[in-house]
Amino acid sequence: MGRANLKKAADFEHAVHLARSSQVTFKAQLQEWKNILIRGGDPEQLDSIAPAWGGCATFIGASYYHFQQVKPEQAKEMDQVIQRLRQFRDDRDWQQFHNPKDLAVALSIEASELLEAFLWKTPETADTEKVKEELADVLAYALLLSDAYGFDIKKIVLDKIERNEEKYPINKAKGSAKKYTEL
């Protein structure tokens, strides 16, 4: 292979490397932007990624504003709850303990404590304050676990309902407590 061909090959290899690096950088920046938009982050966080988007900074800011305006109020409230849970966790430097496995374990333990509120009682005689307290713990750990994986809570719940609708068709499951494999 002559020098000219070697130079062309090296230039091509360099161009491929640059293209791949740019693609990875772009995907990372896009993910950051998506996380800010979806999780209801502070609009000022956009300032940290806007330079990488060059002329798109105005578009990002406008998109953020539009996204926040059309987002359902309940979703905004849920984002506020998750933000508050993160703040509580981070203020105590507990993120180091909040890996998905340990969050799932904590969720299970709190679910057991919720069950304990009903032990040897009818639903009417259970201490509702205890139920609220333990249910809040269950929900908090479920939200933190979802957040740890970056799950879209609405999407995963709606997807699960859709799968359950297939497993439990109304004509077979209505009024029955049987598992779908027994219908």
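Here is the figure for the range 150-183: residues that are of a type in the set (Gly, Ala, Ser) and within 30 Å of Gln80 (Cα to Cα) total 1.
For the range 172-183, the set of residues classified as outside any helix (DSSP H, G or I) and aliphatic (A, V, I, L, M) consists of Ala177, Leu183, listed by residue number.
Taken together, the values in this text are just the output of simple stated rules run on the coordinates, not laboratory data. For clarity, every value in this text was computed on a predicted model and none was experimentally measured.
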